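Visitor: One structure coming up, written as structure tokens, with questions to follow.
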């Protein structure tokens, strides 16, 4: 166990079903990536669905973060967290580069994941936009179950995408995607994603993607069952504006409804700033920031164990600090 922050190398699962990755490489200041490495799983104790180790974070010494947290959860997560959730970090953080528009899809909520899949979490998620574009989230009108199933079976992509609100986003915007909400990320968007630690997606479209949608798009449940996890109720323009907002210049950035799942704090640094103690994953979004004898440039990702205590940082830049929910 280390009691110091750890700078993390990229953790890019290969051959994902959609294109992307160059924007992550540029953000991190690394060489260009393979064409289907659109995600960087940061501080991950979660595997790609169906895999034994793919997706898990290895520390610089080669050990799996998952194994270390399980062996000493209090040092990593703190007593209060462990008292409520044991060794479950309750958090998965990703950089995501949409090299092509992602398919219309949704993720199950906790009750559905537990009852149908035997999983401890569903998948709520929220995004902090690093490079803008268009995202699609929430239905413009109510949709009957039979009508939605028909669109999926016929793969009427234009109609599926046309059901959703199109939202233009710019750097510094945040988007909250509750479980069950239909959504798609537009081509060219680079974002930081916080989510529950699962890899569970219900795909409503798959044409043009490197995936066997009819076999894999329903989580092994069949589409009749899987689509029951999708919210088919319309979102008003007011509701969509509440889901997609400009982040405040500092402090907590996601809507309060996300707090039960995860938290993201935007922390500008101009001089000296102290980060409170607790398990965290830090992404340096701008500038150059130091903590102790470590200096982190823009694009750096850092894992902070609970036992590191409060961190005194200094420099000029901005930190995005991802944390689990408050116990």
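Visitor: List the number of the failed condition for residue 119; all other conditions in (1) on the phi > 0 side of the Ramachandran plot; (2) in a loop (DSSP other than H, G, I, E, B) hold.
Guide: The number of the failed condition is (1).
Visitor: Quick one: residue 87 ticks every box in (1) in a loop (DSSP other than H, G, I, E, B); (2) farther than 20 Å from residue 198 by Cα bar one, so which box is it?
Guide: (2)
Per-residue answers, yes or no, for (1) surrounded by fewer than 23 Cβ atoms within 10 Å (Cβ to Cβ); (2) over 27 Å from residue 265 (Cβ atoms); (3) touching a residue at least 60 places away in the same chain (Cβ under 8 Å):
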{"position": "97", "(1), (2), (3)": "no, no, yes"}
{"position": "103", "(1), (2), (3)": "no, yes, yes"}
{"position": "107", "(1), (2), (3)": "no, no, yes"}
{"position": "114", "(1), (2), (3)": "yes, yes, no"}
{"position": "123", "(1), (2), (3)": "no, no, yes"}
{"position": "133", "(1), (2), (3)": "yes, no, no"}
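Visitor: So, one more: Is region 316-323 home to any residue that is free of Cβ contacts under 8 Å to residues at least 12 places away in the same chain and more than 20 Å from residue 40 (Cα to Cα)?
Guide: no
Visitor: May I ask you to verify whether residue 206 is over 20 Å from residue 18 (Cβ atoms), touching a helix residue (DSSP H, G or I) at 6+ places or on another chain (Cβ under 7 Å) and not in a helix (DSSP H, G or I)?
Guide: The answer is no for residue 206.
Visitor: Pick from 250, 285, 233: which is in contact with a strand residue (DSSP E or B) (Cβ under 9 Å, 6 or more places away or on another chain) and free of Cβ contacts under 8 Å to residues at least 60 places away in the same chain?
Guide: Result: 250 is the single residue among 250, 285, 233 that is in contact with a strand residue (DSSP E or B) (Cβ under 9 Å, 6 or more places away or on another chain) and free of Cβ contacts under 8 Å to residues at least 60 places away in the same chain.
Visitor: Let me ask you something else. So residue 215 ticks every box in (1) in a helix (DSSP H, G or I); (2) in contact (Cβ under 8 Å) with a residue 24 or more places away in the chain but one. Which box is left unticked?
Guide: Just one mismatch for residue 215, condition (2).
Visitor: Quick check on residue 276: is it outside the structural domain of residue 127 (by TED's automatic domain parsing) and more than 19 Å from the chain's Cα centre (by Cα)?
Guide: The answer is yes for residue 276.
Visitor: Just checking, does region 175-191 include any residue being without any contact (Cβ under 8 Å) to a residue 40 or more places away in the chain, surrounded by fewer than 22 Cβ atoms within 10 Å (Cβ to Cβ) and over 16 Å from the mean Cα position of the chain (by Cα)?
Guide: Among the residues of region 175-191, not one is without any contact (Cβ under 8 Å) to a residue 40 or more places away in the chain, surrounded by fewer than 22 Cβ atoms within 10 Å (Cβ to Cβ) and over 16 Å from the mean Cα position of the chain (by Cα), which makes the answer no.
The values are calculated or read from the model by the stated rules, or taken from the named source; none is laboratory data. Bear in mind that the values here come from a model prediction, so they are computed numbers and not experimental data. All Cβ positions, even for glycine, are placed from backbone atoms using ideal geometry, and neighbour counts span all protein chains on display.
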